[in-house]
Amino acid sequence: RLDRFVAWLVDNGAEMSRIIVRETEHGNGVYARDEIGEGTQYAQIPMRLVVSARVCREALRTDTQEVELTGRPLLCAFLIQQRFVTSESSFWHPYISILPHEFHTPLFFTSQELDLLRGTPMEHAVEDRRQLLRKEHAATLRGVSDVVIPRSELTFENYVWAAAVVSSRAFTESL
């Protein structure tokens with residue numbers, strides 16, 4: 001999957017001659033081929049390969065409905081659509097296929113694991129985050145047509161997965 005992702009990047013105009021992308025025991029990583037001096041550009045990814053708000057809106061709109069979402073809910077809806085609905089037929093599949101399918105954070109803990117947090121500040125932090133994600137999920141259900149993402153795929157569990165992806169991979173354009 002990773003080789004296919006790198007080929008997709010290069011085929012679509014990415015310049016990555018100073019770096020190598022490889023899988024390690026800790027996951028995927030980007031490594032310099034040689035020492036990179038301060039101020040040296042080490043890679044260039046064309047904007048058309050960036051999952052931007054424009055890209056998300058275009059993927060999620062229908063002929064009769066524009067998408068009213070912004071920020072994380074917009075990105076989450078896009079990720080859910082791409083992973084669970086369009087899947088291998090998507091232009092974005094090489095990227096989506098390398099994303100983790102599971103995370104090992106308290107948002108994904110079982111009830112027994114959450115019991116271990118009882119009485120700690122983490123217990124409240126997890127509850128607060130889940131409450132925020134539930135509100136975002138409800139807004140996403142209202143903001144995206146079920147023609148674009150069937151409700152069987154736009155579940156809270158899938159939304160939490162997508163939120164974890166966004167929080168671990170979102171960068172500003174200036175990076």
Problem set entry | Residue ID - most open to solvent (accessible area, probe 1.4 Å), chosen from residues in region 53-75 that are touching a residue at least 24 places away in the same chain (Cβ under 8 Å) and assigned to a loop (DSSP other than H, G, I, E, B) | Glu68
For this session: Note down all Cβ pairs under 9 Å where the first residue falls in region 8-23 and is in contact (Cβ under 8 Å) with a residue 40 or more places away in the chain, the second is hydroxyl-bearing (Ser, Thr, Tyr), and they're at least six residues apart or on different chains.
Result: Trp8/Tyr95; Leu9/Tyr95
Seminar exercise, completed: Restricting region 73-131 to residues that are among the small types (Gly, Ala, Ser) and under 29 Å from Ala7 (Cα atoms), the one farthest from the chain's Cα centre (by Cα) turns out to be Ser89
Seminar exercise, completed: All conditions in (1) part of a helix (DSSP H, G or I); (2) closer than 21 Å to Trp8 by Cβ; (3) open to solvent by 30 Å² or more (accessible area, probe 1.4 Å) are true of Phe78 except (3)
Exercise. Which numbered condition trips up Gly39, out of (1) outside any loop (DSSP other than H, G, I, E, B); (2) on the phi > 0 side of the Ramachandran plot?
Worked result: (1)
Problem set entry | Any hit, region 110-133, residues being touching a Ser or Thr at 6+ places or on another chain (Cβ under 8 Å) and at pLDDT 95 or above | no
Exercise. What are the pairs, 6+ residues apart or on separate chains, where a residue within region 92-110 that is without any contact (Cβ under 8 Å) to a residue 60 or more places away in the chain has its Cβ under 9 Å from a residue that is open to solvent by less than 30 Å² (accessible area, probe 1.4 Å) and of a type in the set (Ser, Thr, Tyr)?
Worked result: Ile96/Ser90
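Yes/no per residue for (1) of a type in the set (Ser, Thr, Tyr); (2) closer than 25 Å to Asp63 by Cα:
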site: Ser89; (1), (2): yes, yes
site: Tyr95; (1), (2): yes, no
site: Glu102; (1), (2): no, no
site: Leu107; (1), (2): no, no
site: Ser111; (1), (2): yes, no
site: Arg118; (1), (2): no, no
site: Pro121; (1), (2): no, no
site: Arg129; (1), (2): no, no
Exercise. Within region 112-130, is there a residue that is in a helix (DSSP H, G or I), open to solvent by less than 40 Å² (accessible area, probe 1.4 Å) and within 20 Å of Ala164 (Cα to Cα)?
Worked result: yes
Problem set entry | Members of region 142-175 found to be modelled with pLDDT under 95 and either open to solvent by 40 Å² or more (accessible area, probe 1.4 Å) or on the phi > 0 side of the Ramachandran plot (or both), listed by number | Arg142, Asp146, Val147, Ser167, Ser168, Arg169, Ala170, Phe171, Thr172, Glu173, Ser174, Leu175
Seminar exercise, completed: Residues in region 15-28 that are more than 16 Å from Tyr95 (Cβ to Cβ), surrounded by 10 or more Cβ atoms within 10 Å (Cβ to Cβ) and within 24 Å of the chain's Cα centre (by Cα) total 4
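The values are calculated or read from the model by the stated rules, or taken from the named source; none is laboratory data. Computed from a prediction, not measured in an experiment: that's the story for all the values here. Every residue, glycine as well, gets a Cβ built from its backbone with ideal geometry; the counts of neighbours run over all protein chains shown. We work out accessible area using only protein heavy atoms, side chains counted, and drop any ligands, DNA or RNA first. Shrake-Rupley method; radii C 1.70, N 1.55, O 1.52, S 1.80 Å.
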